[in-house]
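Read the structure below first, then the notes.
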Amino acid sequence: MDQIDKSFKQWISAFTVTDTNLGDLASDIARDPSFPDSSDKSVLMEYIIRKTHNSLVHRTLSAAIDLYHASDSE
């Protein structure tokens with residue numbers, strides 16, 4: 001397997017075209033040059049909690065990270 005794993009930011013960018021909470025989050029991340037280039041859930045969650053108090057955004061990011069890691073394990 002010589003597959004190169006996508007970073008979380010690359011992975012979530014595919015969802016910018018969807019009309020969902022995940023798509024909204026992906027669009028926000030694409031517009032945020034300071035969004036961490038990390039796949040570590042604690043790093044990403046700490047960043048988003050500092051940026052917004054919106055619990056829907058927190059839950060969406062948490063679910064997206066879990067989905068990213070689940071898709072990476074296949």
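Only the coordinates and a few stated rules stand behind these numbers; no lab work does. None of the values given here were measured: they were computed from a predicted structure. FYI the Cβ positions are ideal-geometry reconstructions off the backbone, even for glycines, and counts take in every protein chain you see.
At a glance:
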{"quantity": "Residue match in the range 59-74 (condition: aromatic (Phe, Trp, Tyr), outside any loop (DSSP other than H, G, I, E, B) and out of contact with any Pro (no Cβ under 9 Å at 6 or more places or on another chain))", "calculated": "yes"}
{"quantity": "Elements of type helices (runs of 4 or more DSSP H) in the range 7-53, at least 2 residues being of a type in the set (Lys, Arg)", "calculated": "41-51"}
{"quantity": "Residue check for LEU44: surrounded by 11 or more Cβ atoms within 10 Å (Cβ to Cβ), free of Cβ contacts under 8 Å to residues at least 12 places away in the same chain and among the aliphatic types (A, V, I, L, M)", "calculated": "no"}
{"quantity": "Pair list, Cβ under 7 Å, 6 or more apart: the range 12-30 residue farther than 14 Å from ALA63 by Cβ and free of Cβ contacts under 8 Å to residues at least 60 places away in the same chain, other residue assigned to a helix (DSSP H, G or I) and among the hydroxyl-bearing types (Ser, Thr, Tyr)", "calculated": "THR16/SER27; ALA30/SER13"}
